[in-house]
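Here the structure is laid out as structure tokens; the discussion comes afterwards.
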Amino acid sequence: MPSARALTEHLRRLAPEVLAFGVIGAGNTLLYIAITWVALPIGAVKASVIATVVTTTLAYIANRYWTYRNHSRTALRREYTLFFGFNLVGMVIQSGSIAIGKYGFGLTEQHDEVAFIAVTLIGIVIATVFRFWAYRTFVFLKPPVDGHEGDLADLDAVAGLAEISAEDPQPSR
């Protein structure tokens, strides 16, 4: 089990990444909601898909050049394909929440605009947690620590925790 000091240090190193990701996410969420609101007359699910495509491209650029600027650069095609693929999963989560609101709870675009936005926000929160994990695990790779160990730890959360516990050789007190 990692010591409190090692866990605190890990969280301290993770904080700038989470903050940058959050700022980009908050800006994209506002843009997403604006696009969805404007496009709602063509249908809630279609509006969600359009908003996702626009904000995904902007999010890739912002995350590549700000949040993960210190991570290893891999081929643009590889990164954007993975990024877009994980965003498609996020879109399914978000659009799925809207579809549940529309078809499961009977919300209508004409009378339940605020409820659609609320349902959208719930989907965004769930999709955001998934995206953060996927981006840092598969898309924007950390530079290797001493060859290949860093790459292996990035692929598996349990290996990452093991790496943290191995960094602090002092016993917990």
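Being part of a helix (DSSP H, G or I) and farther than 20 Å from Trp133 by Cβ: is that true of Ile24 here?
Against the criterion (part of a helix (DSSP H, G or I) and farther than 20 Å from Trp133 by Cβ), Ile24 does not qualify.
Okay, residues lined up against (1) in contact with a Ser or Thr (Cβ under 9 Å, 6 or more places away or on another chain); (2) at pLDDT 90 or above:
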residue: Ile42; (1), (2): no, yes
residue: Ser48; (1), (2): yes, no
residue: Val53; (1), (2): no, no
residue: Ala59; (1), (2): no, yes
residue: Arg69; (1), (2): no, no
residue: Ser72; (1), (2): no, no
residue: Arg78; (1), (2): no, no
residue: Val89; (1), (2): no, yes
residue: Ile98; (1), (2): yes, no
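I'd like to verify a number: residues in region 96-124 that are loosely packed, with under 12 Cβ neighbours inside 10 Å, on the phi < 0 side of the Ramachandran plot and of a type in the set (Gly, Ala, Ser), how many?
Going through region 96-124 one residue at a time, the tally reaches 1.
Consider region 34-47. How many of its residues are surrounded by fewer than 17 Cβ atoms within 10 Å (Cβ to Cβ) and touching a residue at least 40 places away in the same chain (Cβ under 8 Å)?
Count: 4.
Assess whether His71 counts as being in contact (Cβ under 8 Å) with a residue 60 or more places away in the chain and in a loop (DSSP other than H, G, I, E, B). Give the derivation first.
Working: in contact (Cβ under 8 Å) with a residue 60 or more places away in the chain: yes; in a loop (DSSP other than H, G, I, E, B): yes.
For His71, the condition - in contact (Cβ under 8 Å) with a residue 60 or more places away in the chain and in a loop (DSSP other than H, G, I, E, B) - is met.
Suppose we filter region 1-16 for residues that are surrounded by fewer than 11 Cβ atoms within 10 Å (Cβ to Cβ) and not in a helix (DSSP H, G or I); how many remain?
1
With the structure loaded, tell me whether Ile117 is in a helix (DSSP H, G or I), closer than 25 Å to Tyr60 by Cβ and more than 12 Å from the chain's Cα centre (by Cα) or whether it fails that test.
Details: in a helix (DSSP H, G or I): yes; closer than 25 Å to Tyr60 by Cβ: yes; more than 12 Å from the chain's Cα centre (by Cα): yes.
Here the answer is yes, as Ile117 does meet what is asked.
For region 131-148, does any single residue satisfy the condition of being of a type in the set (Asp, Glu) and modelled with pLDDT under 80?
Going residue by residue through region 131-148, those that are of a type in the set (Asp, Glu) are 146.
Filter again for modelled with pLDDT under 80, leaving 146.
There is at least one residue in region 131-148 that is of a type in the set (Asp, Glu) and modelled with pLDDT under 80.
Each row is one residue, and each column tells you yes or no for (1) under 20 Å from Ile122 (Cβ atoms); (2) out of contact with any helix residue (DSSP H, G or I) (no Cβ under 8 Å at 6 or more places or on another chain).
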position: Asn28; (1), (2): yes, no
position: Trp37; (1), (2): yes, no
position: Val45; (1), (2): yes, no
position: Thr57; (1), (2): no, yes
position: Tyr65; (1), (2): no, yes
position: Asn70; (1), (2): no, yes
position: Tyr80; (1), (2): no, no
position: Val89; (1), (2): yes, no
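Can you list residue pairs whose Cβ atoms sit under 8 Å apart, with the first residue in region 124-138 being charged (D, E, K, R) and the second being surrounded by 14 or more Cβ atoms within 10 Å (Cβ to Cβ) and part of a helix (DSSP H, G or I)? Count only pairs 6 or more apart in sequence or on different chains.
Arg131/Phe86; Arg131/Asn87; Arg131/Gly90; Arg136/Glu17; Arg136/Asp154
If only one of Leu19, Leu58 is free of Cβ contacts under 8 Å to residues at least 24 places away in the same chain and assigned to a helix (DSSP H, G or I), which one is it? Spell out how you get there, then give the answer.
Working: Leu58 fails: free of Cβ contacts under 8 Å to residues at least 24 places away in the same chain.
Leu19 is the lone residue from the list that is free of Cβ contacts under 8 Å to residues at least 24 places away in the same chain and assigned to a helix (DSSP H, G or I).
The values are calculated or read from the model by the stated rules, or taken from the named source; none is laboratory data. What you are looking at is a predicted structure, and each value in this text was computed from that prediction instead of being measured. We place every Cβ from the backbone using ideal geometry, glycine too, and count neighbours over all the protein chains shown.
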